[in-house]
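The next block holds one structure in the form of structure tokens; read it before the comments.
The values are calculated or read from the model by the stated rules, or taken from the named source; none is laboratory data. Since this is a predicted model, take the numbers as computed values, not measurements. Please note: Cβ atoms are built from the backbone with ideal geometry, for glycine as well, and neighbour counts cover all protein chains shown. Just the protein is used for accessible areas: all its heavy atoms, side chains included, with ligands, DNA and RNA removed. Shrake-Rupley method; radii C 1.70, N 1.55, O 1.52, S 1.80 Å.
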Amino acid sequence: MTKIKTVADLKRIKDEVQSKIKLRENSDHPEQIVQVKVGMATCGIASGAKETMKYFVDELEQQAIDAVVTQTGCMGYCYAEPTVEVTLPGKDAVVFGYVNKEKAEEIIDVYIKRGELIDGVIPITFKTIDD
Amino acid sequence: MTDYKMHLLICGGTGCKAAESDEIKKSLKNWIDELGLEDDVQVVFTGCFGFCEKGPIVKVMPDNTFYVNVKPDDAEEIVKEHLLKGRPVQRLLYTDPVSKKAISDSKGMNFYKKQLRIALRNCGFINPESIDEYISRDGYMALGKCLGELTPDETIKEIKDSGLRGRGGGGFPTGLKWEITRNVESDEKYVVCNADEGDPGAFMDRSILEGDPHSVIEAMAICGYCIGAENGLVYIRAEYPLAIERLKIALNQAREYGLLGEDILGTGFNFEIDIRLGAGAFVCGEETALIHSMEGLRGEPTFKPPFPSVSGYLGKPTNVNNVETFANIPVILNKGASWFSKIGTEKSKGTKVFALAGKINNVGLIEVPMGTTLREVIYDIGGGIKDGKGFKSVQTGGPSGGCLTKDFLDTPIDYDNLIKAGSMMGSGGMIVMDEDDCMVSIAKFYLEFTLEESCGKCSPCRIGNKRLHEILENITNGNGKEEDLERLKLLSNVIKDTSLCGLGQSSPNPVLSTILNFEDEYLAHVNEGKCPAGQCKALLKYEIIEDLCTGCTLCFRNCPVGAITGERRQPHYIDQSLCIKCGVCYEKCKFNAIRLS
């Protein structure tokens with residue numbers, strides 16, 4: 001282990017290790033940041049949800065967008081897998097279907113960064129017991 | 001570095017470890033490897049989550065899913081269902097006792113809603129064996145700030161302005177203590193961390209050292225810088241092996257990074273910390289006794305003054321603070337005194353950690369802002385009394401504290417209010433009693449503890465407590481008289497006034513407060529020979545109700561002393577002179593024909 005000789009060294013190490021627990025810190029206040037939920041049931045995984053999820057995690061990290069990416073169960077839109085639900089702070093959740101890498105890129109660039117809706121939104125077809 | 005998508009936090013506190021959390025971790029790891037998720041999921045052992053009642057705890061981040069009572073066999077389902085398919089395992093979620101709904105997110109649990117975690121900020125969040133995770137949570141930044149930007153006097157002023165008071169029980173202002181030690185001239189000074197947590201049922205300090213040892217190390221170094229000391233000592237009881245182990249690991253990591261040792265952060269400040277193991281004597285939590293124990297002498301207190309700040313370890317000025325006090329320091333310096341002093345009441349700032357125990361649903365470790373009421377702690381966070389029984393009393397301050405009645409439930413908790421109510425803050429033990437607890441027996445229980453732990457140096461404590469105990473013993477045996485109550489009060493006050501150290505000065509508190517708040521219960525014992533709670537065996541009488549007894553002979557055959565007689569199919573009788581009140585007949589009777597009076 002190298003010695004920490006100055007406060008600047010300490011800050012540099014802090015920045016390096018920050019990402020290790022960022023996921024835990026963000027999950028303490030998910031409503032204030034972008035939440036992405038990837039449908040990861042059997043149908044989703046078979047259609048490539050794992051790659052989609054990895055892409056979201058990597059890309060959001062790289063573009064330094066504060067977000068929580070979680071996996072969730074089957075949303076019922078098996079015909080449109082992989083499905084991804086995106087909740088921007090203060091807005092209702094929006095579900096996108098057929099999210100491959102390209103679609104994911106578009107979601108990040110257009111919806112998450114600029115807040116503009118794009119094609120491929122699946123209308124929510126059910127009520128939940130919380131409604 | 002691998003970018004994990006999920007973090008699995010497993011409680012590695014002593015409580016959960018005793019309930020096989022090691023095995024759970026191993027099993028989870030096996031399944032994660034088996035299913036090829038090792039690059040996606042990070043498994044971390046953390047400090048105590050506080051919700052010990054439902055341990056072992058496993059928390060899944062980022063979805064914040066909180067699993068309770070996890071067993072090693074549950075690992076497969078958690079990994080296959082939740083980690084792989086994103087379906088939380090419903091049966092392992094916490095069920096709200098009132099609404100009966102399963103709660104997935106720990107933030108939705110009443111247990112956590114009213115808590116504010118400052119001293120416990122990293123417990124259950126970081127891996128206590130990783131200095132990097134501590135640094136990523138602003139660790140050692142406060143030390144860097146002090147060494148680089150603040151003079152010792154400025155740092156002390158910040159602590160004074162924050163209003164922080166000693167969390168070991170006394171409530172002495174921490175900044176003032178530091179200032180006094182700083183102002184004493186000496187070639188050598190010491191910083192001592194008091195981790196000799198001795199109250200029965202208290203585990204605040206242990207959990208902090210197990211869950212976040214670096215916060216204590218950082219604060220001790222800051223204290224050293226302020227008072228002008230280059231050496232720190234942690235006095236910890238040997239019966240805390242996990243805390244000692246984690247502290248040792250943390251000390252080594254801090255040394256490797258150069259955050260302990262010589263020329264820390266290039267500022268020319270030197271500081272080193274050593275561990276001293278204690279044998280677990282209650283009196284050694286008293287600072288002069290603690291210092292003598294560290295010097296290799298008998299753990300006995302000496303008269304104050306001189307205070308340790310003037311003449312302590314090896315006769316040098318020594319600043320003694322409790323673990324929880326230290327754990328607050330880095331946050332105060334990072335966030336500022338004004339941030340800290342906004343939390344709490346007028347004279348008690350910040351938060352306090354309590355170990356909830358006794359007849360309460362959610363046994364565990366909690367941290368609440370000063371000024372929270374006992375009702376909020378017991379009913380909202382603690383989930384109320386076990387088995388729907390009625391609340392009778394809450395004991396704060398351990399063997400030195402007092403028992404409070406339901407009249408005090410709406411009292412905001414702080415140092416001064418608890419003293420006014422006849423109890424004290426103490427180090428943070430909080431034991432809840434229900435209607436089945438006999439208050440005379442409770443007072444006797446605490447005295448048994450102090451009797452055992454009294455060092456014997458001064459006679460009021462050594463002999464006085466023994467006499468108190470004898471009187472209580474008489475009352476619970478049915479041989480008490482009404483005059484005994486006055487004798488108890490008189491003797492208690494003499495012991496309080498004349499004992500040498502805090503142990504004797506506070507040991508009669510449980511007796512005095514139970515007499516004050518539950519006098520009718522004492523009177524029932526001495527005047528009517530009854531124990532209203534049905535706990536004092538000598539005052540109980542088992543009787544057979546003739547009309548209900550079928551003469552089945554079951555009680556007759558099970559009585560270990562042959563106190564029951566009677567013919568088959570005829571009512572039986574208990575010979576009271578032979579009965580040892582073991583209760584076997586009461587349990588065995590199928591017809592509810594045995595009565596307890």
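A few comments on the model shown:
- Of all the listed residues (A:106, A:85, A:59, A:102), the sole one being assigned to a strand (DSSP E or B), modelled with pLDDT of 85 or more and either open to solvent by 30 Å² or more (accessible area, probe 1.4 Å) or acidic (Asp, Glu) (or both) is A:85.
- Total residues in segment B:282-298, condition among the small types (Gly, Ala, Ser) and either surrounded by fewer than 24 Cβ atoms within 10 Å (Cβ to Cβ) or within 23 Å of residue B:187 (Cα to Cα) (or both): 2
- Residue match in segment B:67-79 (condition: surrounded by fewer than 22 Cβ atoms within 10 Å (Cβ to Cβ) and at pLDDT below 90): no
- Of everything in segment B:243-264 that is crowded, with 22+ Cβ neighbours inside 10 Å and of a type in the set (A, V, I, L, M, F, W, C), the residue that is farthest from residue B:17 (Cα to Cα) is B:264.
- Qualifying residue in segment B:299-321 (condition: touching a Gly at 6+ places or on another chain (Cβ under 6 Å) and either in the same structural domain as residue B:221 (by TED's automatic domain parsing) or open to solvent by 20 Å² or more (accessible area, probe 1.4 Å) (or both)): yes
- Unmet requirement for residue B:45, which otherwise passes all of (1) surrounded by 23 or more Cβ atoms within 10 Å (Cβ to Cβ); (2) of a type in the set (Phe, Trp, Tyr); (3) under 22 Å from the mean Cα position of the chain (by Cα): (1)
- A single entry from B:159, B:180 fulfils the requirement of being more than 14 Å from chain A (Cβ to nearest Cβ), modelled with pLDDT of 90 or more and open to solvent by less than 10 Å² (accessible area, probe 1.4 Å): B:159.
- Any hit, segment B:577-589, residues being out of contact with any Phe, Trp or Tyr (no Cβ under 7 Å at 6 or more places or on another chain), basic (Lys, Arg) and open to solvent by 100 Å² or more (accessible area, probe 1.4 Å): no
- If you go through segment A:3-19 and keep only what is facing chain B (nearest Cβ under 7 Å) and closer than 15 Å to residue B:131 by Cβ, you end up with A:3, A:4, A:10, A:13, A:14, A:17, A:18.
- Leading residue by the ranking (nearest to the chain's Cα centre (by Cα)) among those in segment B:266-281 that are modelled with pLDDT under 95 and open to solvent by less than 30 Å² (accessible area, probe 1.4 Å): B:280
- Taken together, the criteria exclude residue B:138 from residues that are over 26 Å from the mean Cα position of the chain (by Cα), farther than 29 Å from residue B:225 by Cα and either open to solvent by 10 Å² or more (accessible area, probe 1.4 Å) or within 11 Å of chain A (Cβ to nearest Cβ) (or both).
- Tally of residues being away from chain A (no Cβ under 14 Å) and out of contact with any Lys or Arg (no Cβ under 8 Å at 6 or more places or on another chain) across segment B:19-37: 13
- Residue match in segment A:20-33 (condition: within 8 Å of chain B (Cβ to nearest Cβ), open to solvent by 30 Å² or more (accessible area, probe 1.4 Å) and in contact with a strand residue (DSSP E or B) (Cβ under 7 Å, 6 or more places away or on another chain)): yes
- Restricting attention to segment B:307-334, the residues that are within 27 Å of the chain's Cα centre (by Cα) and of a type in the set (D, E, K, R) add up to 1.
- Segment B:530-549, subset modelled with pLDDT under 90 and open to solvent by less than 40 Å² (accessible area, probe 1.4 Å), residue farthest from residue B:440 (Cα to Cα): B:542
- Test: residue in segment B:344-361 that is touching a Gly at 6+ places or on another chain (Cβ under 9 Å), more than 21 Å from residue B:194 (Cβ to Cβ) and open to solvent by less than 10 Å² (accessible area, probe 1.4 Å): yes
- Options B:124, B:170: the member that is open to solvent by less than 40 Å² (accessible area, probe 1.4 Å), in a loop (DSSP other than H, G, I, E, B) and either of a type outside the set (Ser, Thr, Tyr) or within 14 Å of another protein chain (Cβ to nearest Cβ) (or both): B:124
- Selection within segment A:41-56: residues that are modelled with pLDDT of 80 or more and facing chain B (nearest Cβ under 8 Å). The member of this set that is farthest from the chain's Cα centre (by Cα) is A:45.
- Looking only at segment B:59-102, residues that are touching a strand residue (DSSP E or B) at 6+ places or on another chain (Cβ under 7 Å) and away from chain A (no Cβ under 14 Å) come to 8 in all.
- Looking across segment B:480-499, the residues that are part of a loop (DSSP other than H, G, I, E, B) and surrounded by 14 or more Cβ atoms within 10 Å (Cβ to Cβ) come down to B:480, B:499.
- Of all residues in segment A:62-82 being open to solvent by less than 50 Å² (accessible area, probe 1.4 Å) and among the hydrophobic types (A, V, I, L, M, F, W, C), the one that is farthest from the other protein chains (Cβ to nearest Cβ): A:80
- Pair list, Cβ < 7 Å and 6+ apart or interchain, from segment B:231-242 residues that are of a type in the set (S, T, N, Q) to residues that are in a strand (DSSP E or B) and modelled with pLDDT of 95 or more: B:231/B:190; B:231/B:272
- Taken over segment B:437-467, the criterion of being outside any helix (DSSP H, G or I), out of contact with any Leu (no Cβ under 7 Å at 6 or more places or on another chain) and surrounded by fewer than 20 Cβ atoms within 10 Å (Cβ to Cβ) is satisfied by B:456 alone.
- Any hit, segment B:46-56, residues being touching a residue at least 40 places away in the same chain (Cβ under 8 Å), more than 10 Å from every other protein chain (Cβ to nearest Cβ), within 28 Å of residue A:39 (Cβ to Cβ) and not β-branched (Val, Ile, Thr): no
- Restricting segment B:500-523 to residues that are open to solvent by less than 10 Å² (accessible area, probe 1.4 Å) and over 24 Å from the mean Cα position of the chain (by Cα) leaves a set whose member that is nearest to residue B:426 (Cα to Cα) is B:515.
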